[in-house]
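Following: one structure in structure tokens, then a few remarks.
The values are calculated or read from the model by the stated rules, or taken from the named source; none is laboratory data. On a predicted model such as this, the values are computed, not experimentally measured, just so you know. Neighbour counts are summed over all protein chains in view; Cβ atoms, including those assigned to glycine, are modelled from backbone coordinates with ideal geometry. Remember, those area values only see protein heavy atoms, side chains included, never the ligands or the DNA or RNA. Shrake-Rupley method; radii C 1.70, N 1.55, O 1.52, S 1.80 Å.
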Amino acid sequence: IIVCKTCHELGHALVATHFGVRVGHMGIALMVLWPMLYTDVGESWKLRSARQRLAVSVAGVGCELVLAGLATLAWALLVDGPARQAALYAATTGLVVSLAINASPFMRFDGYFILSDLLDIPNLHERSGNLARNWLRNRLFGWQETDTESFSRQMRFWLILFAFMTWCYRLVVFAGIAAAVYFFF
């Protein structure tokens with residue numbers, strides 16, 4: 001897992017430096033007392049091309065998926081034993097962690113930045129949340145607040161739905177973290 005996550009972060013860093021983005025630092029952060037590697041590619045917003053920003057965002061998940069594919073191949077070719085079990089563990093963990101956590105657009109991990117760059121909407125969580133709050137105020141309290149920015153009717157619907165899905169996802173994740181901390185500590 002350490003090798004996989006290191007390759008993930010190096011993928012971000014290498015693609016960012018390829019496009020001329022300065023990588024401020026790389027390191028280990030503690031999230032709920034769990035160490036997580038990170039790479040500061042915060043200056044990638046300066047890239048004018050959405051494709052280049054997208055490439056920086058996708059690089060980490062792409063590296064993990066390639067490693068998971070190689071681990072799956074190794075698992076298929078190896079004979080039963082510890083090496084085959086390690087390959088299976090690396091493949092499944094890499095796939096699950098990449099797709100369930102990093103590729104999810106509901107937290108500020110890679111999936112969020114990927115979706116933000118695909119839609120070309122910076123600050124996606126904040127902007128969709130503002131639309132959803134206005135929608136709720138208007139529906140629940142009868143207020144007549146106007147949206148601070150204008151989107152097409154269809155895009156507005158999807159952004160409001162995205163905000164609600166984000167809120168629900170975060171509620172489940174944070175409640176799960178709180179339960180885990182309570183029961184384990």
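Pairs under 7 Å by beta carbon, first residue at positive phi in the range 98-120, partner of a type outside the set (S, T, N, Q) and at pLDDT below 90, six or more apart or different chains?
120/50
Quick check on my filter: what residues within the range 1-23 are surrounded by fewer than 13 Cβ atoms within 10 Å (Cβ to Cβ) and within 27 Å of residue 87 (Cα to Cα)?
1, 2, 3
Mind checking which residues of the range 39-68 are touching a Leu at 6+ places or on another chain (Cβ under 9 Å) and farther than 18 Å from residue 10 by Cα?
Passing the criteria: only 50.
Please go through (1) open to solvent by 40 Å² or more (accessible area, probe 1.4 Å); (2) over 24 Å from the mean Cα position of the chain (by Cα) for residue 81 and return the number of the only condition it doesn't satisfy.
The failed condition is (1).
Quick one: residue 113 ticks every box in (1) open to solvent by less than 60 Å² (accessible area, probe 1.4 Å); (2) in a helix (DSSP H, G or I); (3) modelled with pLDDT of 90 or more bar one, so which box is it?
(1)
Could you tell me which residue of the range 116-147 is farthest from residue 53 (Cα to Cα), considering only residues that are of a type in the set (Asp, Glu) and open to solvent by 50 Å² or more (accessible area, probe 1.4 Å)?
145
Mind listing just one residue for me: the one in the range 24-51 that is surrounded by 18 or more Cβ atoms within 10 Å (Cβ to Cβ) and over 21 Å from residue 94 (Cα atoms) and, of those, nearest to the chain's Cα centre (by Cα)?
41
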